[in-house]
1. Could you tell me whether the stretch A:2-83 comes out rounded, prolate or oblate from its Cα gyration tensor? Rule is a ≥ b ≥ c as square roots of the eigenvalues, rounded for a/c under 1.5, then prolate if a/b exceeds b/c, otherwise oblate.
2. In degrees from 0 to 90, rounded to the nearest 10, what is the angle of the helix B:140-174 Cα long axis to the longest principal axis of chain B?
3. Running a GNM on chain A with Cα contacts under 10 Å, which residue among A:65, A:108, A:47 ends up with the highest mean-square fluctuation?
4. How large is ³J(HN,Hα), in whole Hz, for each residue of the stretch B:120-137 in order, when computed from phi with the Karplus curve 6.51 cos²θ - 1.76 cosθ + 1.60 and θ = phi - 60°, using x for Gly and Pro?
5. Taking a label point 7 Å out from Cα toward Cβ, give me the nm distances from residue B:28 to the same spot in the other copies, shortest first, one decimal.
6. Can you run the Rg to Rh ratio on the protein assembly as shown? Use alpha carbon positions and the Kirkwood inverse-distance Rh.
7. Tell me the distances, shortest first, between residue B:63 and the same position across the other copies, using label points 7 Å along Cα→Cβ, in nm to one decimal.
8. Mind listing the long-range amide H neighbours of residue B:67? Cut-off is under 5 Å, sequence gap 5 or more, other chains count too, H placed in the peptide plane at 1.01 Å from N.
Number of protein chains: 2
Amino acid sequence: MSLRHALLGLIAEQDGASGYDLLKLFEVSLATVWPATQSQLYGELGKLTEAGLIRVVEEGPRGRKAYGITEEGRGELLRWIVDVPVKPVRRDDSLLRVFFLGLVEPAKAQEFMAAQIAALGRRRDDLAALEGAIDWGDDDLSVYGRLVMEYGRRMYAMRAEWFRWAAEEMKALDR
Amino acid sequence: MSLRHALLGLIAEQDGASGYDLLKLFEVSLATVWPATQSQLYGELGKLTEAGLIRVVEEGPRGRKAYGITEEGRGELLRWIVDVPVKPVRRDDSLLRVFFLGLVEPAKAQEFMAAQIAALGRRRDDLAALEGAIDWGDDDLSVYGRLVMEYGRRMYAMRAEWFRWAAEEMKALDR
DNA sequence: GAATTCATGTAAGATGTTACATGATTAG
DNA sequence: CTAATCATGTAACATCTTACATGAATTC
């Protein structure tokens, strides 16, 4: 149930945010680590309110509801961050396909690998653009967000390197 | 719908495998890139059969059903591998928590980072053990499986390095 | 006054997890 | 004969995606 905690965390950091604000926050800050859709978000806000982990602290124009975290919510959030075992990352679409590249013609396989490397380059550029577009401050979300950005850079670089290496290995196999 | 294609791929490589065989194969070869549970697997085998992408080629003892891929299934598999755009990896439980480490006491945050590094070490060792336990041949699954193993090694190393770096950055912030 | 942004919600369907349920065959 | 392994399936529930639906406030 990490979406729940992602929301809880954002509300803890940005007190008084609305569902709409949180949706934007997801797009700019959590998009790379925990994407969420609008419908998921509003649904979860309702459940969190019902569970007493957050509450509506203010109602504004256009039905706007500003949320704040409750003491109970903060307790649950902190407990989750440090005490709940993390679930290791899994499910990697492109790696899954690599497993089956023996089934396609070598030229097609090389094309696939090249496409992955190109896509990684684009994503690295998107990340840089996002980094440039964000108004970084010295709030927690900025500070830790920058650390996570660096992770993204290293991740893309490592993957691109591996794809280049694996493509060469595959070429060698064909000979 | 990648589970569908993972199954299709395994059946293409290991003709005549049963649901049970495929489950074991998932555990040893696809576990790190695409985990699946037993119930998901049997359900999907039924759907794939109904869709005409695979078929029961033999029935054995204890109700065992051996599956084979159909021409249609092979077509769908190849189309998926090279033509369907890959979905980028996302959702990273530990990175999500890093985002919120500003909310916990510095000592607890350092503990969290240390625990992640330790967990990565254990997973690297598990991977090495798995690699040693597998009877590697020169079949496609072995050849490409080894490439993916190398990816796992690099991935764990990169993550451990980043966690160490980020932990130091965080220490510097506290001063 | 028209377009954009702000703002919230519901519904249907796909996918994934956990637990339950059953029984045949083989190895020791 | 007993335990482990082989073998398949269902049910309930949680989670995620895509699409639909509506309307107020602001900006140009």
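A short reminder: the numbers here are calculations on the coordinates, not readings from a lab. Keep in mind the model is a prediction, meaning the values are calculated, not measured. Backbone-built Cβ (ideal geometry, glycine too); neighbour counts: all protein chains shown.
1. Oblate is the answer for the stretch A:2-83, as a/c is 1.5 or above yet b/c matches or exceeds a/b.
2. 20
3. Fluctuation is largest for A:108.
4. 5, x, 5, 5, 5, 5, 4, 5, 5, 5, 4, 4, x, 7, 7, 8, 6, x
5. Its label point is 5.1 nm from the equivalent points in the other copies.
6. 1.01
7. Computed spacing set for this position: 4.9 nm.
8. Here the answer is B:16, B:17, B:18, B:57, since their amide H atoms fall under 5 Å of that of residue B:67.
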